[in-house]
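What follows is a short report on a single structure.
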Amino acid sequence: QVQLVESGGGLVQPGGSLRLSCVASGFSFSRYVMMWYRQAPGKERELVAQITSVSVSTIYPDSVKGRFTISRDNLRNTVYLQMNSLKPEDTAVYYCNARWLRDNYWGQGTQVIVST
């Protein structure tokens, strides 16, 4: 059974940091491109970070570049998202996504709230 389980979300003040984790099971994790998406209320889901199967390259949109860092540990079947200098506009549900060929798996999401 394929599972992606996110954790690490919560309430943080502006300027603070959070580290999200996503533990994968039920598929060959190391083959998959891993991504983090987010969805704020009333907005479309957007990509915030992507990492290739062997961590050769990463992609970030301008909105998070320099503040967010994606990494993966293929031995632990885990992908991380380090988020620094958080802003209120980073408030959203963050989702882990795994893709390879026609496979496209999603986690259940973890809530991040950036507020005073």
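Cβ-Cβ distances below 6 Å connect the following pairs, each with a first residue in the stretch 25-38 that is under 13 Å from Asp103 (Cβ atoms), a second residue that is charged (D, E, K, R) and open to solvent by 10 Å² or more (accessible area, probe 1.4 Å), and a separation of six or more residues or different chains: Val33/Arg99; Met34/Arg72.
Condition first: β-branched (Val, Ile, Thr) and under 17 Å from Gln13 (Cα atoms). Now tell me which residues in the stretch 65-107 satisfy that. Walk me through how you get there before you give the answer.
At the first step, the residues of the stretch 65-107 found to be β-branched (Val, Ile, Thr) are 69-70, 78-79, 91, 93.
Thr91, Val93 - these are the residues of the stretch 65-107 that are β-branched (Val, Ile, Thr) and under 17 Å from Gln13 (Cα atoms).
Of all residue pairs spaced 6 or more apart or on separate chains, those with beta-carbon atoms under 8 Å, a first member in the stretch 4-15 that is more than 15 Å from Asp90 (Cβ to Cβ) and a second member that is open to solvent by 60 Å² or more (accessible area, probe 1.4 Å) are Leu4/Val23; Leu4/Trp106; Leu4/Gln108; Val5/Val23; Val5/Gln108; Glu6/Gln108; Ser7/Val23.
Among all positions in the stretch 32-41, there is at least one residue which is open to solvent by 30 Å² or more (accessible area, probe 1.4 Å) and modelled with pLDDT under 95. When the stretch 42-62 is filtered for residues that are surrounded by 13 or more Cβ atoms within 10 Å (Cβ to Cβ) and part of a loop (DSSP other than H, G, I, E, B), the ones remaining, listed by number, are Arg45, Thr52, Ser53, Ser55, Tyr60.
Counting only residues that are in contact with a strand residue (DSSP E or B) (Cβ under 8 Å, 6 or more places away or on another chain) and assigned to a loop (DSSP other than H, G, I, E, B), which one in the stretch 63-77 is least open to solvent (accessible area, probe 1.4 Å)? Explain how you work it out, then say what you get.
From the stretch 63-77, those in contact with a strand residue (DSSP E or B) (Cβ under 8 Å, 6 or more places away or on another chain) are 63-64, 67-73, 76-77; that's our starting set.
Restricting the remaining residues to those that are assigned to a loop (DSSP other than H, G, I, E, B) gives 63-64, 67, 76-77.
Values: Ser63: 56, Val64: 0, Arg67: 28, Arg76: 156, Asn77: 50 Å².
Among those residues, the one meeting the criterion is Val64.
Go through the stretch 78-116 and count every residue that is part of a strand (DSSP E or B), in contact (Cβ under 8 Å) with a residue 24 or more places away in the chain and not aliphatic (A, V, I, L, M). Lay out the reasoning, then the answer.
To start, the set of residues in the stretch 78-116 that are part of a strand (DSSP E or B) comprises 78-83, 92-100, 103-106, 110-114.
Checking which are in contact (Cβ under 8 Å) with a residue 24 or more places away in the chain leaves us with 78-83, 92-100, 103, 105-106, 110-114.
Filter once more, so that each one left must be not aliphatic (A, V, I, L, M): 78, 80, 82, 94-97, 99-100, 103, 105-106, 110-111.
Of the residues in that region, 14 qualify.
One residue stands out among those in the stretch 1-24 that are among the small types (Gly, Ala, Ser) and either under 16 Å from the mean Cα position of the chain (by Cα) or open to solvent by 50 Å² or more (accessible area, probe 1.4 Å) (or both): the one that is farthest from Gly66 (Cα to Cα), which is Ala24.
Out of curiosity, is Ile59 within 15 Å of the chain's Cα centre (by Cα), under 19 Å from Ser7 (Cα atoms) and free of Cβ contacts under 8 Å to residues at least 40 places away in the same chain?
No.
The values are calculated or read from the model by the stated rules, or taken from the named source; none is laboratory data. Remember, it's a predicted structure, so these values are computed and weren't measured experimentally. Please note: Cβ atoms are built from the backbone with ideal geometry, for glycine as well, and neighbour counts cover all protein chains shown. For accessibility, only protein heavy atoms count, side chains too; no ligands or nucleic acids. Shrake-Rupley method; radii C 1.70, N 1.55, O 1.52, S 1.80 Å.
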